[in-house]
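K.L.:
Sharing a structure, written as structure tokens. Questions coming.
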């Protein structure tokens with residue numbers, strides 16, 4: 001492996017946003033992508049049978065089984081990637097997440113809250129926590145996570161989602177402060193509504209034209225990995 005290659009871990013790579021991010025980053029010759037997935041066969045079919053302008057044989061996408069809700073499996077996944085790459089992990093992209101249906105606190109069961117908090121925060125915490133020691137050892141690393149506008153303000157009926165995204169943003173900011181001497185940078189991309197097929201189902205008229213496209217987010221992630229914003233002072237990047 002050449003030194004210029006960047007080893008990148010992408011969580012949530014089979015989701016609506018994740019697929020676009022993986023597809024976009026896989027076109028950059030210097031990127032080597034590792035995807036933790038629940039179903040290796042399904043994920044392989046998604047990415048190795050794509051019909052676009054990049055020969056699938058040239059894609060450096062490595063798919064490995066890992067349940068992101070299980071911190072033991074996350075630890076093993078990170079360790080396996082580090083072993084394969086001689087300890088080199090340049091970037092972690094946290095995309096796992098999802099919004100929940102409207103549910104007021106008075107109606108919210110503990111199970112509902114825990115499920116959504118685990119989905120939108122704990123997965124990001126697990127991967128970030130276990131990758132840090134490898135980034136610290138090499139004194140370099142970039143972590144990019146996907147936040148949400150709900151994480152910056154309260155929204156009725158979205159408490160579990162809002163709190164989990166707030167916690168995610170706080171985690172990224174804290175890591176940036178704690179690990180600055182190790183040249184580790186964290187960014188949280190906070191989009192307005194992402195223009196996905198699922199979200200368009202409830203769009204009013206053509207309001208989706210003002211939403212953030214997955215490709216725009218993928219491009220920004222690639223730019224962050226390539227350190228194209230060396231003077232960027234704020235760790236939170238708002239896309240709205």
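The values are calculated or read from the model by the stated rules, or taken from the named source; none is laboratory data. This is a predicted model, so every value here is computed, not measured. All Cβ positions, glycine included, derive from the backbone under ideal geometry; neighbour counts span all protein chains shown.
K.L.:
Test each condition in (1) assigned to a helix (DSSP H, G or I); (2) touching a residue at least 40 places away in the same chain (Cβ under 8 Å); (3) touching a helix residue (DSSP H, G or I) at 6+ places or on another chain (Cβ under 7 Å) for residue 173 and report the one that comes out false.
P.N.:
(3)
K.L.:
Considering the stretch 86-108 alone, what residues qualify as being over 25 Å from residue 17 (Cβ atoms) and crowded, with 17+ Cβ neighbours inside 10 Å?
P.N.:
Matches in the stretch 86-108: 88 only.
K.L.:
For the stretch 170-192, what are the residues that are surrounded by fewer than 18 Cβ atoms within 10 Å (Cβ to Cβ) and either farther than 20 Å from residue 133 by Cβ or within 16 Å of the chain's Cα centre (by Cα) (or both)?
P.N.:
170, 173, 192
K.L.:
Also: Does residue 44 satisfy being surrounded by fewer than 22 Cβ atoms within 10 Å (Cβ to Cβ), modelled with pLDDT under 95, farther than 21 Å from residue 147 by Cβ and in contact with a strand residue (DSSP E or B) (Cβ under 7 Å, 6 or more places away or on another chain)?
P.N.:
Answer is yes for this residue.
K.L.:
Something else: Any idea which of (1) part of a helix (DSSP H, G or I); (2) within 14 Å of the chain's Cα centre (by Cα) is the one residue 167 doesn't satisfy?
P.N.:
(2)
K.L.:
Something else about it: When only residues in the stretch 193-240 that are within 24 Å of residue 140 (Cα to Cα), free of Cβ contacts under 8 Å to residues at least 60 places away in the same chain and not in a loop (DSSP other than H, G, I, E, B) count, which is nearest to the chain's Cα centre (by Cα)?
P.N.:
Within the stretch 193-240, the match that is nearest to the chain's Cα centre (by Cα) is 220.
K.L.:
Looking at the stretch 120-138, can you tell me whether even one residue there is outside any helix (DSSP H, G or I) and either touching a residue at least 60 places away in the same chain (Cβ under 8 Å) or over 14 Å from the mean Cα position of the chain (by Cα) (or both)?
P.N.:
Scanning the stretch 120-138, I find no residue that is outside any helix (DSSP H, G or I) and either touching a residue at least 60 places away in the same chain (Cβ under 8 Å) or over 14 Å from the mean Cα position of the chain (by Cα) (or both), so the answer is no.
K.L.:
Residue check, residue 162 against (1) surrounded by fewer than 19 Cβ atoms within 10 Å (Cβ to Cβ); (2) under 24 Å from residue 234 (Cβ atoms); (3) free of Cβ contacts under 8 Å to residues at least 24 places away in the same chain, all met but one. Which one?
P.N.:
Of everything listed in (1) surrounded by fewer than 19 Cβ atoms within 10 Å (Cβ to Cβ); (2) under 24 Å from residue 234 (Cβ atoms); (3) free of Cβ contacts under 8 Å to residues at least 24 places away in the same chain, residue 162 misses just condition (1).
K.L.:
Pick out the one residue from 69, 77 that is outside any loop (DSSP other than H, G, I, E, B) and in contact (Cβ under 8 Å) with a residue 24 or more places away in the chain.
P.N.:
Testing whether each residue is outside any loop (DSSP other than H, G, I, E, B) and in contact (Cβ under 8 Å) with a residue 24 or more places away in the chain leaves just 77.
K.L.:
So how many residues does the stretch 109-134 have that are buried (at least 23 other Cβ atoms within 10 Å of the Cβ) and out of contact with any helix residue (DSSP H, G or I) (no Cβ under 7 Å at 6 or more places or on another chain)?
P.N.:
1
K.L.:
While we're looking at this one, here's another question. As an exercise: evaluate residue 99 against (1) modelled with pLDDT under 95; (2) under 23 Å from residue 67 (Cβ atoms); (3) part of a helix (DSSP H, G or I) and give the number of the one condition it does not meet.
P.N.:
The one condition residue 99 does not meet is (3).
K.L.:
Within the bounds of the stretch 141-148, is there any residue that is at negative phi, in contact with a helix residue (DSSP H, G or I) (Cβ under 9 Å, 6 or more places away or on another chain) and surrounded by fewer than 19 Cβ atoms within 10 Å (Cβ to Cβ)?
P.N.:
no
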